[in-house]
Amino acid sequence: MRHVARLGGRIPDDYAKDGWTEPTPVGDRPVPLPVQALLSITWPDGHVLHTHGDDTNWLVALPCPADADELMDEPRAWMVVAYDESQMYWVVDLDDADGDDPLLYRADHEGGNAADWCEPLSAVLAGYATPGPPRPRDRFPRACAIGDLGVIREYLDGGVSLGPVDPTGLTPLHLAVVGRSPEAVEILLNAGADPNARTADPEPERGPWTYLDPVSHPALHQSGLDPEPGETPLHFAVAGWHHGHVDGRLAIIRSLLAAGADPDARDERGVAPLLDVLDARGDGVVEALRLLLAAGADPHAGSESGEIPLLKAVGSAWFAPELLDTLVAAGADPLRPFAGSRSGIEGGTALHMAAGDPKVLSLMLPYVSDVNVRTEAGIAPLHCAAIRGAVEAIRLLVEAGADPNARLADPSALRKGLSAHTPLAIAREVHRDEAAAYLADLDAH
């Protein structure tokens, strides 16, 4: 009860209900008084509850009626009482919840959980918090983050600094981008905000979410904005695209680029905004890629870990083929070798990686000048298609001029233990019968 009061909740005096039962995986069960109290909590309008840990804070729904049937392995009188944005539930066993401090069991949303991770209700509540009132020094950055144009203009008229607002390196412009307010971004840029300002601390105590309004931004903890050192507002504009807050992104990207944002700015991982766009999902992503490329972004801009834009586009082409098409049309070279190994192939190209997927190949082949390109070990794209048994891909490659008798000097470079040297022999050795039949009909050997 003390924790409920601390968190701003209230349990009505008349919460206890005679005959209150709930369905469970083992049948209907009476709801013990402590659980009745938990399920009767009311919160003030606009109230926000979140986990309070050392790392990420997740929004919490309590109470949260939900179906517990598929959550737990062991059939017991399970009932869901809370949920947080890490996609975890708290469930209680109604047959064992009569004490003053019943045990709550943690359950992943995918189900199949064992009943071996539990905490007393008091400990769970102790891990929750509510946002405190904003500090006076946070008024301007908060206004930028929530798009309060009146307060922004008030501070600009007073000569406020547009530099970092805290040791994380976050600037008012970063925060306006986080809040997806094109108007706030434009006002700050016109006032002289640096479109190439960079974040600093890799593990800040305060992050962009600190300044957001949790009521107006209910998905703030899923925004994907855990800054890496060296990120610019343009990085923030493309981050976490599939997590919501999509409105305003394109207008923000246009404003930043028009103000001189560097489309090839690298954070300390060597990642440019274009590479992040290729992780994005949803409306407007292709247009964002086009905007970056039109502003001069390097279509080959990889990262220090070896990520390459074209390989990312190949991996996402099954659901976003326009990204790949836009990238190769802008000059990304499908025959450019990549460093290191992908799918067991050293020094291959995007064409090698696409060789098993006819949809991707059909997009890429019009931009390929040498369909017989080889790795240093002599692997051709047709070898890759043959070992995958991709008949349609083999057909596309052969029709584009691939040599059906291309000989592989070292078969183990393609797959450990492989002994076959030609596409036909490879298909036969790995029992890709349809591919072998197709190649045989071409009089391959």
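Read the figures in this text as sums done on the coordinates, not as results from a lab. As the structure is a prediction and not an experimental result, all values here were calculated from the model. Don't worry about glycine lacking a Cβ; one is built from the backbone with ideal geometry, like all the others, and counts go over all protein chains shown.
Reported to the nearest whole Å, the Cα centre-to-centre distance from region 75-128 to region 327-376 is 49.
Between Asp333 and Ser161, the FRET efficiency estimated from the beta carbon spacing at R0 = 35 angstrom works out to 0.20.
Spin-label model, Lys416/Glu392: points 7 Å from Cα along the beta carbon direction are separated by 3.3 nm.
Neighbours of Gly315 by Cβ distance under 12 Å: Lys/Arg scored +1, Asp/Glu scored -1, total -1.
Of the residues Ile187, Ile379, Ile11, the one that moves most in a GNM of the chain with alpha-carbon contacts below 10 Å is Ile11.
Rounded to the nearest 0.05, what FRET efficiency do Thr21 and His47 give with R0 = 41 Å and r taken as the Cβ-Cβ distance? Could you check? Efficiency, from the Cβ-Cβ distance: 0.90.
Under 1.5 on a/c is rounded, so check that first for region 291-445, then, if it is not, pick prolate when a/b is larger than b/c and oblate when it is not; a ≥ b ≥ c are the square roots of the alpha carbon gyration tensor eigenvalues. Prolate is the answer for region 291-445, as a/c is 1.5 or above and a/b outweighs b/c. In terms of its C-alpha gyration tensor, the chain has an oblate overall shape, because the principal axis ratio a/c (a ≥ b ≥ c, square roots of the eigenvalues) is not below 1.5 and a/b does not outweigh b/c. Sorting the segments 347-353, 106-112 by their residues' average number of neighbouring beta-carbon atoms within 10 angstrom, most packed first, yields 347-353, 106-112.
Cross-link reach is defined here as a Cα-Cα straight distance under 25 Å, omitting same-chain residues fewer than 8 places apart; for Lys312 the lysines meeting it are Lys359. Of Val238, Val177, Val371, which is the most mobile in a GNM of the chain whose springs link Cα atoms less than 10 angstrom apart? Of Val238, Val177, Val371, the Gaussian network model singles out Val371 as fluctuating most.
In debye, nearest 20: dipole of region 2-129 around its Cα centre with unit charges on the Cβ of K, R (+) and D, E (-)? Please list the in-between numbers first.
On the way: 7 positive and 25 negative charges, 112 e Å.
Computed about the Cα centre, the dipole is about 540 debye.
Under the classification rounded if a/c is under 1.5, otherwise prolate if a/b is larger than b/c and oblate if not, where does region 2-129 fall, given a ≥ b ≥ c as square roots of the Cα gyration tensor eigenvalues? Walk me through the intermediate numbers first.
Values: a/c = 1.78, a/b = 1.11, b/c = 1.60.
It is oblate, given that a/c is not under 1.5 and a/b is not larger than b/c.
So, by mean Cβ neighbours within 10 angstrom, what's the order for 138-147, 327-336 with the highest one leading?
Details: 138-147: 22.6, 327-336: 19.0.
Taking the mean over residues of other Cβ atoms within 10 Å, the ranking is 138-147, 327-336.
Computed from label points 7 Å out along Cα-Cβ, the spacing between Leu33 and Glu268 is 5.5 nm. When only the Cβ of Lys, Arg, Asp and Glu is charged (+1, +1, -1, -1), the dipole of the chain relative to its Cα centre reaches about 1240 debye. Candidate cross-link partners of Lys416 among the aspartates and glutamates, defined by an alpha-carbon separation under 17 Å and a same-chain spacing of 8 or more, comprise Glu346, Glu376, Glu429. Near Ala330: Cβ cut-off under 11 Å, other residues only, Lys/Arg at +1 and Asp/Glu at -1. The net charge is -2.
222 nm [θ] for the chain, helices only, -39500 (n - 2.57) per DSSP H run of 4+, per residue, to 500? Each step should come with its number before you reach the end.
Working: 19 runs with 144 residues, N = 445.
Calculated at 222 nm, the ellipticity per residue is -8500 deg cm²/dmol.
The residues neighbouring Val373, those whose beta-carbon lies less than 13 Å from its own, together hold a net charge of -2 under the Lys/Arg +1, Asp/Glu -1 convention. Summarising the label geometry, the points placed 7 Å from Cα in the beta-carbon direction at Ser86 and His3 lie 1.5 nm from one another.
Compute the helix-to-body angle for 249-258: its Cα long axis versus the longest principal axis of the chain, expressed 0 to 90° and rounded to tens. Orientation of helix 249-258: about 70 degrees from the principal axis. How tilted is helix 285-294 with respect to the longest principal axis of the chain? Cα atoms for both, answer in degrees (0 to 90, nearest 10). On a 0 to 90 degree scale, this one is about 60.
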